[in-house]
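The values are calculated or read from the model by the stated rules, or taken from the named source; none is laboratory data. Everything numeric here is computed off the predicted structure, so don't read it as measured data. All Cβ positions, glycine included, derive from the backbone under ideal geometry; neighbour counts span all protein chains shown. When the accessible area is computed, the model is the full protein with side chains, heavy atoms only, and any ligands, DNA or RNA have been set aside. Shrake-Rupley method; radii C 1.70, N 1.55, O 1.52, S 1.80 Å.
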Amino acid sequence: MRKVLVNICRLVLAVTFILSGFVKAVDPLGTQYKLNDYLEAMHLGDLVPQTVTLMGSIALSTVEFCIGIFLLFVIYRRFTSRLALLVMSIMTVLTVWIYMADPVSDCGCFGDAVVLTNGQTLLKNIILLACAVIVAWKPLDMLRFISHTNQWIVINYTVLFILFVAGYALYDLPQFDFRPYHVGANIKEGMEVPEGAEQPQFETTFIMEKNGERREFGIDNYPDSTWTYIDTRTVQTKQGYVPPIHDFSITTPEGEELTEEILNDKGYTLLLISPHLEDADDSQFDLINQIYEYAEDNDYPFYCLTASGEQGISRWRDITGAEYPFALTDETTLKTIIRSNPGLLLLKDGTVIRKWSHNRLPDEYALNQPLEKLELGQLPEDSVPGKIVVILLWYVLPLLVLTIADRLWAWSRWLKKKKESNRVYNLLKRKNMRKKIVAGNWKMNMNLQDGIALAKELNETLKADKPNCGVVICTPFIHLASIAQFLDQDIIGLGAENCADKEKGAFTGEVSAEMVKSTGAQYVILGHSERREYYKETPEILKEKVLLAQKNDLKVIFCIGESLEEREAGKQNEVVKAELEGSVFNLSEEDFRKIVIAYEPIWAIGTGKTATAEQAEEIHAYIRSIIAEKYGQAVADDTTILYGGSCKASNAPELFAKPDIDGGLIGGASLKAADFKGIIDAWKK
């Protein structure tokens, strides 16, 4: 039931993030306008450049879409679930502020596709935050749909796809237009209010200037032509039924109303749309002028609708040589009509027939006949379902094919594994997947001179007869610096038997991880049963030691194992799991991959009892399973697990033949070169 709940929450989050990210990506300018609204509400609008908000729009859509796809395909489960939780936490805090302060009427979560009230948005985000908490709580319960090795294909394809969608929308126009001025919409019908509906009231204010004085005028007291137009502002003064289009108004700079004339024209009307001529792209002005000449030749009305004042219009005329008439419309309305500055709109009897961005304007080859005879003079046949099919073909279908192929490949690989599950195959598999190690633990034995002599003998022996595994000797502190001077650590790694749980300070007799590293050592043994029993090292102490060891780039050989009483009580699994959870399962996946586990059956050391190879394999397999449960199968398969219970040359080949035993942590047998070499050579058998 827990896994079912986690995966339901995963799917809810995935669908929401995909939808939210995609509708933002197909309309990056719309998302930018919404970000600008937020910045204005925070009084930061003048501090953030438009380029930054546009890049923020694209980045936001990319992050949301990728999180959704990664959750859907279960990619990087821990990272993605935590990132989703972080995003939802930020979004929820933001929507609490929106709900309380009401700075904007719509959060813009789903662009213009789905408009939610601030209360609905807050409720939605609380639900999604709860889902994100559940998914982040048990990310490994999410069922993987694509193998780890092929995840990079989905990651790269997803990022490139959504960036292409956003880039195409910026160059041309959004593939999906959810606004009331979409192709096929009748503006007159969009402005109608059903009979009996409560009428909202709007007030349009004109900002005019004369002799350095600025004043505001309404439609009823519009001034004479001696006043210069500056800007227009339309606000709602009374709530009521709000039609989809409620702020569409066209007037000449002199105040003459053109709205009805343009919308009631039974023929074609061409409208050049530019919210601000000062910011408009003028690279296509020759083509715009050609389109105006085409409109004149065919008696089609042509206007440039803008919110710019007289100065902006004059500047545009000077730059482009424009001879077409200009009319004034609210800036927000113009930005809503078309996501291009400038853009071209074709109307017929108040219906939007076509839209073009300034990058895709029709040229003289396309406009070679009257619009009545041209295909572009008719409503296009493409539909929303058709566009959805295209998206499926370009994105979803390739990934589904990839997923099916990957699953079939995984199935055939599993069959092959089952067929080849014998000793030789297991040895080859282990060899390819994780490192084999034989490590010697000298404990408190040998003086400095004897230790150096033993290390030299081992060094010369293994140089002459290369080992088929990694070899490590862990010595008392006094040996480390001396042995490191002549030991060939490409053949034999050097390690310490312990380190302190403190970084530095007044801790007489202790040796820090930094000190160990400074001698030339590469490894350190931590958690040995003797340290736990005689020196009362707790899981918390060992946790600190592990962190300090890794901070100083020491490879940790971490020991776990149960006592005789615990074995006889059948608690061995419980014990080793608790020891791992208490000291190393707090590590990130990256850091845990640097850990070598050493299993010590304490009950089989010095008790007269013997652990069989089967018993050792059973507990090693269990240890690997709980690592897989915590970090995933890939990490478990890569983790080296050593056996540390009275291993010697006579039983090493049988132990090392087991698929989950990757070597040994050797005690007494490591104090003689010949005995230690005999165990090392077990990997050659």
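A few remarks follow.
Results for (1) modelled with pLDDT of 90 or more; (2) over 26 Å from Cys131 (Cα atoms), shown as yes or no for each residue.
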position	(1), (2)
Ala14	yes, no
Thr31	no, no
Asn36	no, yes
Ile69	yes, no
Tyr76	no, no
Met88	yes, no
Asp102	no, no
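- Count - residues of segment 657-680 that are open to solvent by 40 Å² or more (accessible area, probe 1.4 Å) and more than 47 Å from the chain's Cα centre (by Cα): 5
- Segment 580-597: number of residues that are in contact with an Asp or Glu (Cβ under 9 Å, 6 or more places away or on another chain) and assigned to a helix (DSSP H, G or I): 2
- Counting only helices (runs of 4 or more DSSP H) that sit completely within segment 1-92, those holding 1 or more residues that are among the β-branched types (Val, Ile, Thr) and surrounded by fewer than 16 Cβ atoms within 10 Å (Cβ to Cβ) correspond to 2-25, 50-73.
- Residues (free of Cβ contacts under 8 Å to residues at least 40 places away in the same chain, closer than 21 Å to Ile623 by Cβ and open to solvent by 30 Å² or more (accessible area, probe 1.4 Å)) located in segment 634-656: Asn651
- Evaluating Asp501 against the criteria (1) in a strand (DSSP E or B); (2) open to solvent by 10 Å² or more (accessible area, probe 1.4 Å) leaves one unmet condition, (1).
- Subset tally (residues that are open to solvent by 10 Å² or more (accessible area, probe 1.4 Å) and over 30 Å from Gly167 (Cβ atoms)) for segment 314-340: 7
- Qualifying residue in segment 557-578 (condition: closer than 21 Å to Gly495 by Cα, modelled with pLDDT of 95 or more, within 33 Å of the chain's Cα centre (by Cα) and of a type in the set (Val, Ile, Thr)): no
- Restricting attention to segment 620-657, the residues being part of a loop (DSSP other than H, G, I, E, B), at pLDDT 95 or above and not hydroxyl-bearing (Ser, Thr, Tyr) number 0.
- Unique match (being within 20 Å of Gly111 (Cα to Cα), basic (Lys, Arg) and either out of contact with any Pro (no Cβ under 7 Å at 6 or more places or on another chain) or modelled with pLDDT under 85 (or both)) among Arg179, Arg144: Arg179
- Take the conditions (1) within 45 Å of the chain's Cα centre (by Cα); (2) surrounded by fewer than 16 Cβ atoms within 10 Å (Cβ to Cβ); Glu213 misses just one of them, which is (1).
- Contacts under 8 angstrom Cβ, first residue in segment 204-232 being at negative phi and of a type in the set (Val, Ile, Thr), partner part of a loop (DSSP other than H, G, I, E, B) and open to solvent by less than 30 Å² (accessible area, probe 1.4 Å), 6 or more apart: Thr204/Gly218; Thr204/Asp330; Thr205/Gly218; Thr228/Gly309; Ile230/Gly309; Thr232/Ala307; Thr232/Thr329; Thr232/Asp330
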